[in-house]
Amino acid sequence: MTALLTALVAGGLWGAVWMVVVGLLLMLVSGAVAAPPVGMALLAGAVAGAAWLATPREARTRARLALHGAGVALVLMLLTFAAPFGLPLEAVPLQQGVALVVFAAFVAVSLARCLDGYAIEPMGRYGFEVLLLRVLKGLGFVVFTIVVVLPFYVMVMTSLKSQQSLLSNPLDFSVDLSQGAASLFRSYIELFTDFHFGTFLMNTALVSVVTVFVTLAFAIPGAYAVARLKFPGQAFLSRSILLIYMVPAIVLVIPLYAVFSQMGLRNTLTGLMIVYPATTIPVALYMLQGYFRGLPAELEEAGLMDGLSRAGVIWKVTLPLALPALASVSLYVFMIAWNEFLFAFMFLDDLDLFTLSRGVVSLNSSEVPRQHLMAGAVVATVPVLVLFLWFERFLVGGLTAGSVKG
């Protein structure tokens, strides 16, 4: 397959993909029902691919890339007779103009990345495979991003709409920013004033933080013992730590419900603080033991020779070196406790004891407007999302630490 034919196919593919994506975003943002011309976008992308491939390598500058993007927009306008997204230009002109610029820029940048280093010349099998991998990698990234971001966008936009606008057009996810802040964030204000979401938030934070501390209190000495100490059954214990995850949680709920009811722990946050660590300690043990094994044993032996006890070695030598793993385990355990629903749903009946997951489900009623349910989902999602993004580097480092010893 020649480089020109490959560029035509890649350009057409990117043109069609970005037309679908940008057209969908245009409809969500503007509320206008559009019919994106995918076929015309495919042709415009194919022309753009051939044009970029014909550009000499030394002339492929940022200025030329911007000019190339303008050419993509012009070709699409000509092919669609000035209706780039199946709508006349007088319909939502500002949104269509922005969408056209975004489409042209994305097509131009995507082709520049894929065709980097290629020219109109014979292309071998290796070159074709590299180009194919670039295209597939880019498409995978686009699809994954849309799958992740689109539901969150719909959730946030729905939470900012009024009941009247939702009933008039349920598929319109645009927001009128001209209304005041009190009207725009009415759903969130009512959540905290009428639906006890402030209490739910405090309950969830309390249970999650306690779960982290209890889990670490048991997991640190347990993981250290499995990783460093010699005792009968060490190998079996090391391999069977995660066996508890082979038992479905729904199987454990019924006996725990009966036992906690008899002990007076049902419908209490204390009951959750007992159950949650029991489910998170095994995974914390598994993660920490791998990290402890990767730490140089000579450092701990030097501490013992200096007169430290085993507990002193753990506190003064091992834990400071294991801070990345401790941070990642803490974050992982916190997210599990924050998002847990099954045990909270089965054990909690008192409204003042609800966690966020239990509180969001209580909004799933015909008597509660849908925008309040979406606002509750946003309140439950944003804090842990921000926390995850803030500590993401520790999570990745802790998960991979200990995998290679040396």
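Restricting the stretch 350-399 to residues that are closer than 26 Å to GLN164 by Cβ and outside any helix (DSSP H, G or I), the residue that is modelled with the lowest pLDDT is SER366.
It is to be established whether one or more residues within the stretch 218-237 are free of Cβ contacts under 8 Å to residues at least 12 places away in the same chain and under 19 Å from LEU269 (Cβ atoms). Looking through the stretch 218-237, none of the residues is free of Cβ contacts under 8 Å to residues at least 12 places away in the same chain and under 19 Å from LEU269 (Cβ atoms). Looking only at the stretch 221-244, filter to residues that are in a helix (DSSP H, G or I) and basic (Lys, Arg); which one of those is farthest from the chain's Cα centre (by Cα)? By that ranking, first place goes to ARG228.
Right, VAL212: buried (at least 18 other Cβ atoms within 10 Å of the Cβ) and of a type in the set (Val, Ile, Thr) or not? Talk me through it step by step, then tell me what you get.
Numbers: buried (at least 18 other Cβ atoms within 10 Å of the Cβ): yes; of a type in the set (Val, Ile, Thr): yes.
Against the criterion (buried (at least 18 other Cβ atoms within 10 Å of the Cβ) and of a type in the set (Val, Ile, Thr)), VAL212 qualifies.
Is there a residue in the stretch 83-94 that is over 22 Å from ALA7 (Cβ atoms), touching a Leu at 6+ places or on another chain (Cβ under 8 Å) and surrounded by fewer than 19 Cβ atoms within 10 Å (Cβ to Cβ)? Yes, some residue in the stretch 83-94 is over 22 Å from ALA7 (Cβ atoms), touching a Leu at 6+ places or on another chain (Cβ under 8 Å) and surrounded by fewer than 19 Cβ atoms within 10 Å (Cβ to Cβ).
Yes or no, residue by residue, for (1) modelled with pLDDT under 80; (2) closer than 17 Å to PHE345 by Cβ; (3) out of contact with any Leu (no Cβ under 7 Å at 6 or more places or on another chain); (4) buried (at least 18 other Cβ atoms within 10 Å of the Cβ):
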{"position": "MET202", "(1), (2), (3), (4)": "no, no, yes, no"}
{"position": "PHE218", "(1), (2), (3), (4)": "no, no, yes, no"}
{"position": "GLY233", "(1), (2), (3), (4)": "yes, no, yes, no"}
{"position": "PHE236", "(1), (2), (3), (4)": "yes, no, yes, no"}
{"position": "LEU243", "(1), (2), (3), (4)": "yes, no, yes, no"}
{"position": "LEU252", "(1), (2), (3), (4)": "no, yes, yes, no"}
{"position": "VAL259", "(1), (2), (3), (4)": "no, no, yes, no"}
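If you scan the stretch 25-60, which residues turn out to be assigned to a loop (DSSP other than H, G, I, E, B) and either on the phi < 0 side of the Ramachandran plot or β-branched (Val, Ile, Thr) (or both)? Spell out how you get there, then give the answer.
So the first thing to find is which residues in the stretch 25-60 are assigned to a loop (DSSP other than H, G, I, E, B), and the list is 31-37, 55-56, 60.
Passing the criteria: ALA32, VAL33, ALA34, ALA35, PRO36, PRO37, THR55, PRO56, ARG60.
Residues of the stretch 296-349 that are touching a residue at least 60 places away in the same chain (Cβ under 8 Å), assigned to a loop (DSSP other than H, G, I, E, B) and crowded, with 18+ Cβ neighbours inside 10 Å: GLU340, LEU348.
May I ask you to say which residue of GLY71, GLY49 is surrounded by fewer than 21 Cβ atoms within 10 Å (Cβ to Cβ), assigned by TED's automatic domain parsing to the domain that holds LEU133 and modelled with pLDDT of 90 or more?
Numbers: GLY49 fails: surrounded by fewer than 21 Cβ atoms within 10 Å (Cβ to Cβ).
The unique qualifying residue is GLY71.
Select from the stretch 4-24 the residues that are buried (at least 20 other Cβ atoms within 10 Å of the Cβ) and either modelled with pLDDT under 90 or not assigned by TED's automatic domain parsing to the domain that holds GLU121 (or both) and list them in ascending order. Correct list: THR6, ALA7. Within the stretch 175-218, being over 25 Å from the mean Cα position of the chain (by Cα), of a type in the set (A, V, I, L, M) and under 30 Å from MET27 (Cα atoms) holds for LEU177, ALA181, ALA182, LEU184, ILE189. Can you tell me which condition ASN364 does not meet? The list is (1) of a type in the set (S, T, N, Q); (2) touching a residue at least 40 places away in the same chain (Cβ under 8 Å); (3) out of contact with any Lys or Arg (no Cβ under 8 Å at 6 or more places or on another chain), and all the others hold. (2) is the only condition that ASN364 fails.
The values are calculated or read from the model by the stated rules, or taken from the named source; none is laboratory data. Predicted, not measured: the structure shown is a model, and the values here were computed from it. Here Cβ is always computed from backbone atoms with ideal geometry, including for glycine, and neighbour counts include all displayed protein chains.
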